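The values are calculated or read from the model by the stated rules, or taken from the named source; none is laboratory data. As the structure is a prediction and not an experimental result, all values here were calculated from the model. Using ideal geometry, Cβ is built from the backbone for each residue, glycine included, and neighbour counts are taken over all protein chains shown.
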Amino acid sequence: MSDMEIPNRTAENKANAIAFYDQMFNKCEPRAAIENYVGEEYIQHNPHVADGKEAFIEYFERMAVEYPGKVAHFKRAVAEDDLVVLHCHQIWPGSDDYAGMDIFRFDQNGKIVEHSDVLQVITGQSNNDNGVF
(Lines give C-alpha, C1' and ligand atoms only; values in the text may rest on other atoms or scores of the structure.)
Protein backbone atom coordinates (compact mmCIF):
# COMPACT_ATOMS: atom_id res chain seq x y z
CA MET A 1 0.00 0.00 0.00
CA SER A 2 1.46 3.37 -0.96
CA ASP A 3 1.30 6.46 1.25
CA MET A 4 -1.59 7.70 -0.88
CA GLU A 5 -3.61 4.59 -0.01
CA ILE A 6 -3.03 4.65 3.76
CA PRO A 7 -6.23 5.89 5.37
CA ASN A 8 -6.01 8.88 7.68
CA ARG A 9 -7.14 7.46 11.00
CA THR A 10 -6.23 10.44 13.18
CA ALA A 11 -9.76 11.16 14.44
CA GLU A 12 -10.53 7.44 14.84
CA ASN A 13 -7.26 6.88 16.73
CA LYS A 14 -8.09 9.78 19.05
CA ALA A 15 -11.53 8.35 19.84
CA ASN A 16 -10.07 4.88 20.32
CA ALA A 17 -7.34 6.08 22.68
CA ILE A 18 -9.99 7.72 24.87
CA ALA A 19 -12.23 4.63 24.73
CA PHE A 20 -9.27 2.35 25.56
CA TYR A 21 -8.22 4.47 28.54
CA ASP A 22 -11.79 4.78 29.80
CA GLN A 23 -12.38 1.03 29.57
CA MET A 24 -9.12 -0.02 31.22
CA PHE A 25 -8.86 2.71 33.87
CA ASN A 26 -12.36 3.95 34.69
CA LYS A 27 -14.38 0.81 33.98
CA CYS A 28 -11.60 -1.47 35.34
CA GLU A 29 -11.79 -3.76 32.30
CA PRO A 30 -8.16 -3.98 31.14
CA ARG A 31 -8.56 -7.35 29.40
CA ALA A 32 -11.52 -6.14 27.35
CA ALA A 33 -9.65 -2.90 26.56
CA ILE A 34 -6.67 -4.88 25.27
CA GLU A 35 -8.94 -7.14 23.20
CA ASN A 36 -10.84 -4.18 21.73
CA TYR A 37 -8.11 -1.64 21.05
CA VAL A 38 -4.61 -3.19 21.03
CA GLY A 39 -2.72 -4.69 18.11
CA GLU A 40 -0.47 -7.75 17.91
CA GLU A 41 2.14 -6.27 20.24
CA TYR A 42 2.03 -3.85 23.15
CA ILE A 43 5.28 -2.04 23.86
CA GLN A 44 5.31 -0.46 27.32
CA HIS A 45 7.60 2.40 28.41
CA ASN A 46 6.14 3.02 31.88
CA PRO A 47 8.80 1.60 34.26
CA HIS A 48 6.12 0.40 36.71
CA VAL A 49 4.46 -1.90 34.15
CA ALA A 50 6.14 -4.84 32.41
CA ASP A 51 6.10 -5.15 28.63
CA GLY A 52 3.26 -6.90 26.81
CA LYS A 53 -0.48 -7.36 26.99
CA GLU A 54 -0.70 -9.83 29.88
CA ALA A 55 1.57 -7.69 32.08
CA PHE A 56 -0.64 -4.67 31.37
CA ILE A 57 -3.79 -6.64 32.24
CA GLU A 58 -2.28 -7.99 35.47
CA TYR A 59 -1.11 -4.52 36.54
CA PHE A 60 -4.46 -2.81 35.98
CA GLU A 61 -6.46 -5.68 37.48
CA ARG A 62 -4.32 -5.24 40.61
CA MET A 63 -4.80 -1.44 40.55
CA ALA A 64 -8.59 -1.93 40.38
CA VAL A 65 -8.45 -4.01 43.57
CA GLU A 66 -5.95 -1.79 45.40
CA TYR A 67 -7.61 1.51 44.40
CA PRO A 68 -11.38 1.00 44.08
CA GLY A 69 -13.02 4.14 42.77
CA LYS A 70 -9.94 5.32 40.85
CA VAL A 71 -10.93 7.52 37.96
CA ALA A 72 -9.35 9.51 35.15
CA HIS A 73 -10.90 12.68 33.75
CA PHE A 74 -9.91 13.58 30.20
CA LYS A 75 -8.79 17.19 29.88
CA ARG A 76 -7.30 17.16 26.38
CA ALA A 77 -6.65 14.82 23.49
CA VAL A 78 -4.22 15.66 20.70
CA ALA A 79 -3.64 13.48 17.66
CA GLU A 80 -1.19 13.60 14.78
CA ASP A 81 -0.50 10.84 12.29
CA ASP A 82 -0.18 7.59 14.29
CA LEU A 83 0.21 9.28 17.71
CA VAL A 84 -2.39 10.30 20.28
CA VAL A 85 -1.65 12.19 23.49
CA LEU A 86 -4.17 12.24 26.33
CA HIS A 87 -3.90 14.79 29.14
CA CYS A 88 -5.74 13.38 32.13
CA HIS A 89 -6.47 14.05 35.78
CA GLN A 90 -6.02 10.73 37.59
CA ILE A 91 -7.65 10.37 40.99
CA TRP A 92 -6.36 7.48 43.13
CA PRO A 93 -8.43 7.22 46.36
CA GLY A 94 -6.16 7.04 49.40
CA SER A 95 -3.12 8.09 47.35
CA ASP A 96 -1.84 11.00 45.27
CA ASP A 97 -3.75 12.54 42.38
CA TYR A 98 -1.83 12.99 39.14
CA ALA A 99 -1.75 15.08 36.01
CA GLY A 100 -0.83 12.57 33.34
CA MET A 101 0.24 12.71 29.72
CA ASP A 102 -0.16 9.37 27.95
CA ILE A 103 1.24 8.87 24.46
CA PHE A 104 -0.14 6.07 22.32
CA ARG A 105 1.23 4.90 18.97
CA PHE A 106 -1.18 3.17 16.60
CA ASP A 107 -0.43 0.66 13.85
CA GLN A 108 -1.74 0.95 10.28
CA ASN A 109 -4.88 -0.98 11.33
CA GLY A 110 -5.84 1.59 13.96
CA LYS A 111 -4.71 -0.51 16.93
CA ILE A 112 -2.56 0.67 19.85
CA VAL A 113 0.90 -0.90 19.79
CA GLU A 114 2.99 1.35 22.06
CA HIS A 115 2.52 3.46 25.21
CA SER A 116 4.57 6.07 27.08
CA ASP A 117 3.51 8.35 29.88
CA VAL A 118 4.66 11.05 32.25
CA LEU A 119 2.97 11.75 35.58
CA GLN A 120 3.03 14.79 37.82
CA VAL A 121 1.79 14.59 41.41
CA ILE A 122 -0.84 17.23 42.11
CA THR A 123 0.32 18.79 45.37
CA GLY A 124 -2.11 21.67 45.66
CA GLN A 125 0.84 24.08 45.88
CA SER A 126 1.85 26.27 42.98
CA ASN A 127 3.93 29.35 42.29
CA ASN A 128 1.22 30.52 39.86
CA ASP A 129 -2.57 30.70 39.74
CA ASN A 130 -2.95 28.81 36.44
CA GLY A 131 -3.72 25.36 37.81
CA VAL A 132 -2.30 22.10 36.51
CA PHE A 133 -4.85 21.82 33.71
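Mind listing whichever residues of the stretch 26-44 are in contact (Cβ under 8 Å) with a residue 60 or more places away in the chain, under 13 Å from the mean Cα position of the chain (by Cα) and buried (at least 16 other Cβ atoms within 10 Å of the Cβ)?
From the stretch 26-44, those in contact (Cβ under 8 Å) with a residue 60 or more places away in the chain are 37-44; that's our starting set.
Filter once more, keeping what is under 13 Å from the mean Cα position of the chain (by Cα): 37-38, 42-44.
Those that are in contact (Cβ under 8 Å) with a residue 60 or more places away in the chain, under 13 Å from the mean Cα position of the chain (by Cα) and buried (at least 16 other Cβ atoms within 10 Å of the Cβ): Tyr37, Val38, Tyr42, Gln44.
Out of Glu114, Glu54, Glu29, I need the residue that is in contact with a helix residue (DSSP H, G or I) (Cβ under 7 Å, 6 or more places away or on another chain) and over 23 Å from Phe133 (Cβ atoms). Which one? Spell out how you get there, then give the answer.
Numbers: Glu114 fails: in contact with a helix residue (DSSP H, G or I) (Cβ under 7 Å, 6 or more places away or on another chain); Glu54 fails: in contact with a helix residue (DSSP H, G or I) (Cβ under 7 Å, 6 or more places away or on another chain).
Result of the check over Glu114, Glu54, Glu29: Glu29.
For the condition modelled with pLDDT under 95 and over 16 Å from the mean Cα position of the chain (by Cα), what is the one hit in Gly124, Gly69? Give the steps one after another, and end with the answer.
Details: Gly69 fails: modelled with pLDDT under 95.
Matching residue, one of Gly124, Gly69: Gly124.
Being closer than 27 Å to Gly52 by Cβ and acidic (Asp, Glu) is the filter; apply it to the stretch 86-121 and report the residue that is farthest from the chain's Cα centre (by Cα).
Asp96
Any idea how many residues of the stretch 45-65 are farther than 22 Å from Asp96 by Cβ and surrounded by 17 or more Cβ atoms within 10 Å (Cβ to Cβ)?
Total meeting the criteria: 2.
Examine the stretch 114-128 for a residue that is outside any strand (DSSP E or B), free of Cβ contacts under 8 Å to residues at least 40 places away in the same chain and surrounded by 17 or more Cβ atoms within 10 Å (Cβ to Cβ), and state whether such a residue exists. Break it down stepwise before answering.
Restricting attention to the stretch 114-128, the residues satisfying the condition of being outside any strand (DSSP E or B) are 122-128.
From what's left, free of Cβ contacts under 8 Å to residues at least 40 places away in the same chain: 122-128.
Next cut, surrounded by 17 or more Cβ atoms within 10 Å (Cβ to Cβ) only: 122.
Yes, there is a match, as at least one residue in the stretch 114-128 is outside any strand (DSSP E or B), free of Cβ contacts under 8 Å to residues at least 40 places away in the same chain and surrounded by 17 or more Cβ atoms within 10 Å (Cβ to Cβ).
Take Ala33 and decide whether it is more than 20 Å from Val118 (Cα to Cα) and either touching a Ser or Thr at 6+ places or on another chain (Cβ under 9 Å) or among the aliphatic types (A, V, I, L, M) (or both). So that I can check it myself, show each step before the final result.
Values: more than 20 Å from Val118 (Cα to Cα): yes; either touching a Ser or Thr at 6+ places or on another chain (Cβ under 9 Å) or among the aliphatic types (A, V, I, L, M) (or both): yes.
Considered against the rule, which asks whether it is more than 20 Å from Val118 (Cα to Cα) and either touching a Ser or Thr at 6+ places or on another chain (Cβ under 9 Å) or among the aliphatic types (A, V, I, L, M) (or both), Ala33 comes out as yes.
Among the residues of the stretch 8-25, how many are free of Cβ contacts under 8 Å to residues at least 60 places away in the same chain, surrounded by 15 or more Cβ atoms within 10 Å (Cβ to Cβ) and not hydrophobic (A, V, I, L, M, F, W, C)?
Going through the stretch 8-25 one residue at a time, the tally reaches 2.
What are the residues in the stretch 66-100 that are surrounded by 17 or more Cβ atoms within 10 Å (Cβ to Cβ), of a type in the set (A, V, I, L, M) and in contact with an Asp or Glu (Cβ under 8 Å, 6 or more places away or on another chain), if any?
The answer is Ala72, Val85, Leu86.
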